[in-house]
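One structure is given here, and the rest of the page talks about it.
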Amino acid sequence: MTKTVFIGALAVAGLTAGIASAATLDDVKARGSLKCGSNEGLAGFAAPDANGNWEGFDVSLCRAIAAAVLGDGQAVEFVPLTSQTRFTALAAGEVDVLVRNSTWTFTRDTDLALDFPAINYYDGQGFMVPRALGVSSAAELDGATVCIQTGTTTELNLADYFRANGISYEPVPVATNAEGQQQYLAGACDVYTTDISGLAATRATFEAPGDHVILPEVVSKEPLGPAVRHGDNAWGDIVRWTTHALVAAEEYGVTKANVAELAAAPTDNPEVNRLLGTEGELGAMIGLDADWAVKVLSVAGNYGEIFEANIGESTAVGLARGLNAQWTDGGLMYGGPFR
Amino acid sequence: MADISDHPRETFRISMLLYDARYRSLTIQVVAAMLIMLFLAQLVDNTVTNLAVLGKDISFSFLWSTAGYDINQQIIPFTSQDTHARAALVGILNTLLVAVLGCILATVIGVFAGVLRLSKNWLVARVMTFYVECMRNTPLLIWILIVFAVMTEATPQPRDFREGGTAAMVFADSVAVTNRGVFIPRPIWADGSGIVVAFLILSIIGIFVLRYVARKRQEDTGQQLPVLRLSLAMLIVPVTLAFFAVGRPITLEYPELGGFNFEGGLQVRNSFIALWLALSLYTSAFIAEIVRSGILAVSKGQTEAAFALGMQPNRTMQLIILPQALRVIIPPLISQFLNLTKNSSLALAVGYMDARSTLGGITVNQTGRELEGILLLGIFYLITSLIISSAMNFYNSGVKLKER
Ligand SMILES: N[C@@H](CCC(=O)N[C@@H](CS)C(=O)NCC(=O)O)C(=O)O
């Protein structure tokens with residue numbers, strides 16, 4: 001009898017432990033920290049610095065979410081994930097949110113039961129080759145050996161692109177960006193292919209970045225953004241509107257430097273007031289404090305500031321805003337209306 | 001007898017299930033079986049419920065959808081438009097390839113190392129001890145990565161083979177060792193190749209017949225035939241004659257430097273070489289120990305008796321020691337073969353596209369069918385292991401001690 005009870009208890013325990021709790025927000029608050037699935041190390045996007053502090057473009061979004069929910073941008077536990085393990089880890093509840101250069105696709109959104117609440121970088125897949133190879137277009141890559149990270153959209157796009165153009169290639173599968181970089185630099189593959197932002201970030205860490213060129217072809221659409229589990233809409237809303245707050249703040253000129261001042265008293269701009277919580281009750285509607293966006297913007301500033309500090313043209317990665325400029329500047333970054 | 005029937009027949013009471021030693025063990029077994037079933041049922045139910053909560057069902061239909069990715073090493077043709085099932089098959093064949101070649105190489109090296117470790121030559125015995133201990137006491141993954149690192153970092157790139165480059169092909173310009181693999185000549189089979197192959201097969205059958213005849217003759221008359229020389233002649237002469245008679249149907253295609261890489265010939269990829277060598281070297285150390293203990297298990301008296309009869313040392317080994325040692329060697333050898341096959345799933349570390357990397361890797365990843373994919377992978381390894389062990393058990397029943 002006692003044995004049956006014991007087994008029953010075990011099964012119930014297994015059941016409850018197994019279900020990724022639907023209320024991620026409560027979990028995060030109870031835990032006091034946000035578990036953020038991140039890269040294993042991609043300069044400019046997510047990498048630990050010399051002191052072990054994670055920093056980068058994706059890292060800043062994790063910190064912004066932590067600031068919105070917990071009021072502390074440092075209350076983040078980073079969980080490095082490979083491209084192969086990331087979605088399983090998210091689905092199993094090992095991380096609360098995944099910010100890892102992940103492309104929003106139909107299959108991932110539906111069949112994998114994930115949600116991509118927002119896009120924080122519009123990207124596309126490209127090719128990098130050593131300058132010495134003398135290749136100037138992807139169409140000349142017939143017969144080339146190509147390093148690809150497995151478990152990515154990259155490997156599927158690659159197969160499609162070469163088949164559509166009727167040229168052949170030899171794929172060399174690698175598990176991580178670091179492995180791909182090592183193989184590429186050793187010359188075990190002629191070409192390295194991934195999202196162009198990833199290529200630029202990888203190249204920035206080379207000893208002689210100038211010896212490598214990124215070919216002009218962009219062979220896919222890669223809208224990259226944070227991912228959460230499908231079904232927890234309240235949590236999805238928080239991730240979505242945190243991202244939008246960063247983007248909208250840039251549009252309205254709210255920066256890390258002036259946010260405290262703007263939040264001190266209502267300004268002439270009602271949109272800014274609602275964003276910063278000096279007017280209306282937007283925070284309460286998603287279960288956060290009224291000044292949640294102030295905390296978000298106090299961590300690393302708005303979208304534009306985060307971009308410039310980590311991957312912008314003044315950094316080693318050196319990416320232009322391009323598609324990721326504000327819509328007012330002809331880009332695709334369009335912060336939702338805060339009302 | 002009468003004594004027993006004198007007792008009044010006891011009536012069965014429920015409490016006897018617990019207190020009567022005759023029934024107790026049965027009771028315990030039934031209860032344990034029920035608990036295990038309950039636990040398994042819970043586990044399955046739990047999994048299904050949790051998947052449902054995540055919005056996922058269990059379905060194997062993904063196997064028939066387009067894979068969408070490419071695989072470099074293919075024994076059967078494969079394109080990205082083929083199904084996931086076919087991708088799994090390509091991976092399975094790659095696993096079997098490395099497992100079979102690994103078992104063969106591991107056995108050869110293992111037998112050598114095991115026998116040499118017993119050598120009377122101090123240096124040889126010590127070197128072999130060193131080899132065995134080094135291999136056995138380091139994780140396999142390290143060896144795979146070491147061999148792979150050597151293969152990719154210490155070998156030249158294809159472009160170094162260009163005019164004025166630092167590297168050159170070996171074996172009369174027929175083999176190129178590069179950091180992408182070793183390129184070797186590939187046989188091209190033209191019309192009439194079948195005849196040559198048929199001759200080869202006939203010769204091999206002939207050799208077995210010859211051995212049988214020679215053995216019979218020795219048992220009957222005591223005379224020995226020069227079996228080795230005759231076998232070699234039978235293997236080479238007819239095939240060569242047939243080859244030229246049909247007009248040299250089999251030619252070799254040599255690898256040649258193309259735009260980015262060597263083209264033509266056969267590419268033996270570094271990932272394959274690294275996995276194959278590391279698996280073989282690692283397992284050979286265990287096999288060496290098995291062989292050594294097998295030989296030591298044959299009592300010294302057997303050798304002495306053979307010497308007393310005037311037998312040569314090598315024939316003593318061949319006819320007296322090894323047949324007896326095999327009985328001790330085969331059973332643990334089976335488990336080494338099983339280990340090697342299962343260890344081949346470390347292929348992932350060097351990007352070798354085995355069943356783990358295709359079915360259990362990319363397919364699982366692109367379709368999000370972790371449970372189904374890993375389940376199928378488990379079933380594949382289970383079936384393979386069962387086949388290997390039943391085949392080896394069959395062989396074992398041939399060599400094992402027949403008690404009459
Ligand atoms: N956007 C693609 C590719 C994502 C990806 O894996 N990107 C690479 C390079 S941009 C990366 O982040 N690698 C870092 C690592 O391996 O830790 C996807 O979602 O499938």
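Bear in mind that the values in this text are calculations on the coordinates, not laboratory data. Fair warning: this is a prediction, and the values are worked out from it, not measured in the lab. Reconstructed Cβ throughout: ideal geometry from the backbone, glycine too, with neighbour counts over all protein chains shown.
Restricting attention to the protein assembly as shown, give the cysteines that have no other cysteine Cβ less than 4.7 angstrom from their Cβ.
Cysteines lacking a close Cβ partner in the protein assembly as shown: B:Cys103, B:Cys134.
If I take all pairs of Cα atoms in the stretch B:186-253, what percentage of them are more than 21 Å from each other?
38
If the elastic network links every pair of Cα atoms under 10 Å, which of A:Ala227, A:Ala75, A:Ala92 fluctuates the most in the Gaussian network model of chain A?
The residue that fluctuates most here is A:Ala92.
Given the C-alpha atoms of chain A, compute the convex hull and give its volume per residue in Å³.
Roughly 165 Å³ of hull volume per residue.
With equal scatterers on the alpha carbons only and no solvent term, can you work out the Debye log10 of I(q)/I(0) for chain B at 0.08, 0.10, 0.11, 0.13 1/Å?
Here log10 of I(q) over I(0) equals -0.70, -1.00, -1.14, -1.36.
For chain A, what is the charge dipole size about the Cα centre, in debye to the nearest 20, if Lys and Arg each add +1 at the Cβ and Asp and Glu each add -1 at the Cβ?
It comes to approximately 700 debye.
May I ask you to derive the relative contact order of chain A, considering only C-alpha pairs under 8 Å and at least 6 residues apart, and to give it as an integer percent?
21
Using a Debye calculation, one point per C-alpha and no hydration shell, please list log10 I(q)/I(0) for the stretch B:1-129 at q = 0.13, 0.14, 0.15 Å⁻¹ in order.
-0.86, -0.89, -0.94
In whole angstrom, note down how far apart the Cα centers of the stretch B:157-223 and the stretch A:228-243 are.
Using only Cα atoms, the two centres lie 63 Å from each other.
Using a simple spin-label model with points 7 Å from Cα along the Cα→Cβ vector, what separation in nm is obtained for B:Phe244 and A:Ser168?
3.5
In the Gaussian network model of chain B, springs joining C-alpha atoms below 10 Å, which of B:Leu26, B:Leu105, B:Leu266 carries the largest mean-square fluctuation?
B:Leu26
Within chain B, which DSSP H helices have Cα atoms that stretch 15 Å or more along the helix axis and a mean Kyte-Doolittle hydropathy of at least 0.5?
B:21-53, B:84-117, B:122-136, B:140-153, B:193-221, B:227-246, B:270-297, B:322-343, B:370-399
Assuming a viscosity of 0.692 mPa s and a temperature of 37 °C, what translational diffusion coefficient in µm² per second does Stokes-Einstein assign to the stretch B:306-404, Rh being the Kirkwood radius over Cα pairs?
After rounding, the answer is 197 µm²/s.
Who wins for biggest fluctuation among A:Gly93, A:Gly41, A:Gly231 in a Gaussian network model of chain A, springs between alpha carbons below 10 Å?
A:Gly231
When the convex hull of the Cα atoms of the stretch A:125-220 is projected onto a plane and the area is averaged over all directions, what value comes out in nm²?
Across all orientations, the stretch A:125-220 yields a mean hull projection of 5.2 nm².
Of B:Glu304, A:Glu207, how do they rank once you tally other Cβ atoms within 10 Å and put the fewest first?
The most exposed by this proxy come first: A:Glu207, B:Glu304.
Once R0 is set to 25 Å, what does the formula 1/(1 + (r/R0)^6) return for the Cβ-Cβ distance between A:Thr328 and A:Ala260, expressed as a FRET efficiency to the nearest 0.05?
Computed FRET efficiency for A:Thr328 and A:Ala260 comes out at 0.50.
Peptide B:48-55: average number of partner chain Cβ atoms within 10 Å per residue?
5
What relative contact order, as a whole-number percentage, does chain B give when Cα pairs under 8 Å and 6 or more residues apart are counted?
For chain B, the relative contact order is 21 percent.
When the convex hull of the Cα atoms of the protein assembly as shown is projected onto a plane and the area is averaged over all directions, what value comes out in nm²?
49.9
Testing the spin-label approximation: label points 7 Å from Cα along Cα→Cβ at B:Val150 and A:Ala23. State their distance in nm.
6.0
Could you please rank A:Cys62, A:Cys147, B:Cys134, A:Cys36, placing first whichever residue has the fewest other Cβ atoms within 10 Å of its Cβ?
Arranged by neighbour count, lowest to highest, A:Cys62, A:Cys147, B:Cys134, A:Cys36 become B:Cys134, A:Cys147, A:Cys36, A:Cys62.
Estimate the FRET efficiency between B:Val100 and A:Arg131 by the formula 1/(1 + (r/R0)^6), using the beta-carbon distance for r and 51 Å for R0, to the nearest 0.05.
That gives a FRET efficiency of 0.70.
Could you list A:Asp268, A:Asp27, A:Asp142, A:Asp211 in order of exposure, starting from the residue whose Cβ has the fewest other Cβ atoms within 10 Å?
By the 10 Å Cβ count, ascending: A:Asp268, A:Asp211, A:Asp142, A:Asp27.
May I ask you to compute the full-extension gain from B:Asp45 to B:Arg229, defined as 0.36 nm times their residue separation minus their alpha-carbon distance, rounded to one decimal in nm?
Between B:Asp45 and B:Arg229, full extension yields an extra 59.6 nm.
In debye to the nearest 20, how big a dipole does the protein assembly as shown give about its Cα centre with +1 on each Lys and Arg Cβ and -1 on each Asp and Glu Cβ?
My answer is approximately 4620 debye.
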